[in-house]
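All remarks here apply to the structure that follows.
The values are calculated or read from the model by the stated rules, or taken from the named source; none is laboratory data. Please read these numbers as outputs of a predicted model, since none were measured by experiment. No Cβ is skipped: glycine too gets one built from the backbone with ideal geometry, and neighbour counts run over all protein chains shown. Note: areas computed on protein heavy atoms with side chains; ligands, DNA, RNA excluded. Shrake-Rupley method; radii C 1.70, N 1.55, O 1.52, S 1.80 Å.
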Protein chains: 2
Amino acid sequence: MQTAQEINRANGIDLNVLKETVSAIRKDPDLGKCKFRARNKWIDANHNCTTISGFYAAKQEMTHKQKFELHADEPPILAGEDEGANPVEHLLNALAGCVTTSLVAHAAVQGIHIESLESELEGDIDLRGFLGLAPDVPKGYTNIRVKFKVRTDSENMKKLKELAQFSPVYNTLTHGTNVDIEIEPS
Amino acid sequence: MQTAQEINRANGIDLNVLKETVSAIRKDPDLGKCKFRARNKWIDANHNCTTISGFYAAKQEMTHKQKFELHADEPPILAGEDEGANPVEHLLNALAGCVTTSLVAHAAVQGIHIESLESELEGDIDLRGFLGLAPDVPKGYTNIRVKFKVRTDSENMKKLKELAQFSPVYNTLTHGTNVDIEIEPS
């Protein structure tokens, strides 16, 4: 026997919470303005650590239930000790997580039941850009391929591809964004 | 007393390894072509997990010393359980780690000694984009601010700002990239 709470879940997501958020932002658009944050500390060589603890949303400062620590390093061939995924791999992680969440959440709202969802990502970087060996070679990713395998009704496939387009990280990567860097003495 | 190995380190980075890599790629540009990879599995609701284990570089398949697992979730206000940083926070982590590594490595090659380096990042997202409430509102980040505090000779500040521009994640975000998404039945 299902409880009322279970009935309001789709793809595991509490639709009541989601619908309340949508309704509140529709009434007061300023509630949708978010500021996400991270702090990073260089440890040694190519090893550094990011801490994520809070953000701004719904017109207030919010705190995560726990502090997240994420380590970045490089593999030995790139002069690191492999103490963490490297930053461009962390970027693929951000993209994978975001498209997955966007698919699952938007599908939930539209009544599309997803049984399972997995993805494989691969992106191309030519190190000559980063190393400054060829000014005409892009320093970042030139192409990223994301392949999803999803278990759902076959009629949902085309719709799911449309829903992937809502992903904030996907949009940041495909449209680009402004990044302002300031460097000051500590 | 320093050993020969210590003498060849700058900012903790083994300059011999770095110089060998640069020299090899200069002779054979194909050695610079890398493919970075990630796999993601949806767990439940907004919770998913990325695994990173290998990549392609220097014309061969490489394996990390350890497998990296990275969890993404959303905070309760975004209908999640806070089991991991959310994907747009993971994106800030990727940017923080990449600019930090780029600064430290390029500074090492140029003989710039960095004593300490920390950064704070903040990015703006208007949820109306992701939620589909306003088609004219961007779905991704509209602006990201990165503030570094660095302990080094004051004369290095301007140079460090130039070196930050080598970061692959910074360049991916500011120039944008192609992302191809395929969705298939599993």
- Note on the structure: In degrees rounded to 10, the 0-90 angle between helix B:15-27 Cα long axis and the longest Cα principal axis of chain B is 80 degrees
- Message: With the crude spin-label approximation of a point 7 Å out along Cα→Cβ, what separation in nm comes out for residue A:143 versus residue A:63?
- Response: 4.8 nm
- Nearest to the axis that maps chain B onto chain A: list the chain B residue whose Cβ wins, with the distance in whole angstrom. B:176, 2
- Would you pull out the residues with amide H under 5 Å of residue A:82's amide H, same chain only if 5 or more places away, H placed 1.01 Å from N? A:74
- Considering only Cα-Cα distances, which of the following residue pairs are longer than 25 Å: A:161/B:67; A:158/B:139; A:159/B:41; A:41/B:33; A:19/A:147; A:59/B:158? A:161/B:67; A:41/B:33; A:19/A:147; A:59/B:158
- Item | Calculated label separations, residue A:41, copies of the chain, 7 Å along the beta-carbon direction, nm | 3.3
- Message: Quick check: net charge around residue B:137, other residues with Cβ under 13 Å of its Cβ, Lys/Arg +1 and Asp/Glu -1?
- Response: 0
- Message: Assume the label is 7 Å from Cα along Cα to beta carbon: what separations in nm does residue A:110 have to the matching positions in the other copies?
- Response: 4.8
- Task: Report ³J(HN,Hα) in whole Hz for each residue of the stretch B:95-102, in order, from the Karplus equation J = 6.51 cos²θ - 1.76 cosθ + 1.60 where θ = phi - 60°; Gly and Pro get x.
- Result: 5, 4, x, 6, 5, 4, 4, 5
- Helical mean residue ellipticity (222 nm; -39500 (n - 2.57) per DSSP H run of 4+; nearest 500) of the protein assembly as shown: -9500 deg cm²/dmol
- Excluding ligands, DNA and RNA, the carbon-plus-sulfur percentage of the accessible area of the protein assembly as shown with a 1.4 Å probe reads 48 percent
- Message: Net charge around residue A:48, counting only other residues with Cβ within less than 10 Å of its Cβ (Lys, Arg = +1; Asp, Glu = -1)?
- Response: -3
- Query: Can you list, shortest first in nanometers, how far residue B:182 lies from the same residue in the other copies, with each label 7 Å from Cα toward Cβ?
  - Reply: 4.5
- How large is the Kirkwood hydrodynamic radius of the stretch A:22-125, in angstrom, based on all distinct alpha carbon pairs? 16.7 Å
- Message: Contact order normalised by length for the stretch A:41-186, with contacts defined as Cα pairs under 8 Å and 6 or more residues apart; what percent is it?
- Response: 18 percent
- 5 angstrom amide H check on residue A:9, placed H, neighbours 5+ away: A:15
- Message: Apply the a/c threshold of 1.5 to the C-alpha gyration tensor of the stretch B:59-186 and tell me whether it is rounded, prolate or oblate.
- Response: prolate
- If each part is reduced to its alpha-carbon centroid, the stretch B:116-135 and the stretch A:11-82 end up apart, in Å, by 10 Å
- Message: Quick one: 3J(HN,Hα) in Hz for the stretch B:53-59, Karplus 6.51/-1.76/1.60 with θ = phi - 60°, rounded, Gly and Pro as x.
- Response: 10, x, 7, 10, 7, 6, 6
